[in-house]
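Accompanying notes for the structure given below.
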Amino acid sequence: MLRLDKFLCEMKVGTRSQVKKELKQGFVSVNGTVVVKPEHKVDEKADTIIYKGKELHYKKYAYYMLNKPAGVVSATRDNTCTTVNDLLKDTGYEDLFPVGRLDKDTEGLLLMTNDGELAHRLLSPHKHVAKVYDVELKECLSEEAVRRLEAGVDIGEEHPTLPAKTERLPGNHILLTITEGKFHQVKRMMKAVGNETVSLRRTAMGSLKLDERLAPGEYRELSEEETNALRGGSGQTVTQHKEGGLG
Ligand code: URA
C-alpha cells in the first residue's frame, strides 16, 4: 500500500505540491471514486487509478542515466557538497541512489535507480561488468604503458588489476575499459604506469552508453531497450572500442 500522492509522484504526474493541486481539482479517481486526499492509501498493483481519464500503471523501479558533472559527489546526501541526488530531485522518486561511485572530479555516465538487485549485480566484483572511461593524460601513453595496462598493473592491492583495453584518441586522450571498480582505480592505474590523469569521463557501463546529447548535469530515463539490456545481460558487452569489446 502506498500514499496516493506518492503514487502520483512516482507516476510522474508532478511534484508533491503539483499532485496535491491535481487531487484538489478532482482529477484523480480510485476504483471509480474521486479521491482528493493525498494521504489516501492505494494498492498500487490492484487498484484502478485514473488521472484525467487515463489509467496509470504502476512502475516500481526507475532507471535514469545522469551525465554527472565535475564538482558533484556520488552520494544521496551530503552536508556540504551538491550530490547526484540533488540533481535528480524532479523525478518523483525519492529512493533513487547512484550505482557505484565516480570521484567528485569525474564526469560522465552514472546510473541512478531504486532497483537494488540490478545495482548489486552491476557492482558485483564477480560479474566483471565493463566500464569505459575517456581518460585525458598528462603525457602521451607509451607503448610500454599500453602493454602493462593490458596485462594488468600493480596498484597496491593484493592482486594486479585485471587486463584492461586501451585505445588512443586524439590529443593525450585514451579510451580505457576496465572490468573492476576499485577505489580511484583509473587514476591509480595511470600512476602505476608513470603517467597522470588530467580528467576522467565515464562513457559506458555494461551495455549502457552515455547519451552524448546530455550536457553535464542533465539526465534522462532509460528506454525500455536500455533497461532490458542491463537487466538481461551480464552487462559485459562494450562496443565503444574500434575493434569491439573485451568479449
Ligand atoms: N577511476 C577513478 O580513478 N575515478 C573514478 O571516478 C572512476 C574510476
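First check a/c for segment 1-143, with a ≥ b ≥ c the square roots of the eigenvalues of its C-alpha gyration tensor; if it is under 1.5, answer rounded, and if not, answer prolate when a/b is larger than b/c or oblate otherwise. Show your work: numbers first, answer last.
Details: a/c = 3.39, a/b = 2.36, b/c = 1.43.
Prolate, since a/c reaches 1.5 and a/b exceeds b/c.
Within straight-line reach of residue 6, meaning a Cα separation under 19 Å, sit the following lysines at least 8 residues removed in sequence or on another chain: 20, 21, 24, 37, 41, 45, 52, 54, 59, 60, 89.
When Rg and the Kirkwood Rh are both derived from Cα coordinates, the Rg/Rh ratio for segment 93-247 amounts to 0.95.
Computed from the coordinates by the stated procedures, all read-outs in this text should not be read as laboratory data. Every value quoted in this text rests on a predicted model; they were computed, and no experiment measured them.
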